[in-house]
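Undergrad: Okay, handing you the structure first.
All of the numbers you see were taken from the coordinates with simple rules; none came from a lab. Just so you know, these numbers come straight off a predicted model, no measurement behind them. As a convention, Cβ positions derive from the backbone with ideal geometry for all residues, glycine included, and neighbour counts pool all protein chains shown.
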Amino acid sequence: MPVLGVTGATFRIIHGSPKYFDLTADSGRRTRRAFCADCGSPLFGKPGVGGDIVTIRVGSMDDPGIFRPTRDIYTASAQPWDYMNPALPKSSKLPNN
């Protein structure tokens, strides 16, 4: 699922009140995910790694067409039918940087 990473300082919720749930990420740290309280759609996450980063689910954006991927991650668990742009850098899991 495509995500756009932004700094927490530039992120704000302008409408509604999402619900949250916590889980343990691959890093072993806690991550927090937000979803729409009305329909259940995933909205964004606050990973336990990466400092002050918010990961926005591209499908939840008003205009997802402006998103331009810069890398493919978690390629080790990609489905065989999933097209990945060969020009983008690949990571088998979440990079440390």
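Undergrad: Among the trypsin sites (Lys or Arg not before Pro) within segment 22-71, which fall in a DSSP loop and have no more than 13 other Cβ atoms within 10 Å of their own Cβ?
TA: Within segment 22-71, the qualifying trypsin sites (Lys or Arg not before Pro) (loop, at most 13 other Cβ atoms within 10 Å) are 29, 71.
Undergrad: Using a simple spin-label model with points 7 Å from Cα along the Cα→Cβ vector, what separation in nm is obtained for residue 75 and residue 15?
TA: Using points 7 Å along Cα→Cβ, the separation is 3.8 nm.
Undergrad: To continue, here is another question. Just grab the label-to-label distance for residue 61 and residue 93, each label 7 Å out from Cα along the Cβ direction, in nm (one decimal).
TA: With each label placed 7 Å out from Cα toward Cβ, I get 2.8 nm.
Undergrad: Please list, or write none, the aspartates and glutamates whose alpha carbon is within less than 15 Å of the alpha carbon of residue 90, excluding same-chain residues fewer than 8 places away.
TA: Partners within reach: 72, 82.
Undergrad: So if a site counts as exposed when it's one of the chymotrypsin sites (Phe, Trp or Tyr not before Pro), its DSSP state isn't H, G, I, E or B, and it has at most 16 other Cβ atoms within 10 Å, what's the longest stretch of the chain without one?
TA: Formally, the longest exposed-site-free interval is 12-66.
Undergrad: Which of [x] 45, 26, 21; [y] 38, 32, 25; [z] 34, 28, 25 is the computed Cα extents along the principal axes in Å for the structure on display?
TA: Step by step, Cα extents along the principal axes in Å for this structure corresponds to label [y].
Undergrad: In what sequence do 19, 46 fall when counting other Cβ within 10 Å, fewest first?
TA: The fewest-first ordering by Cβ neighbours comes to 19, 46.
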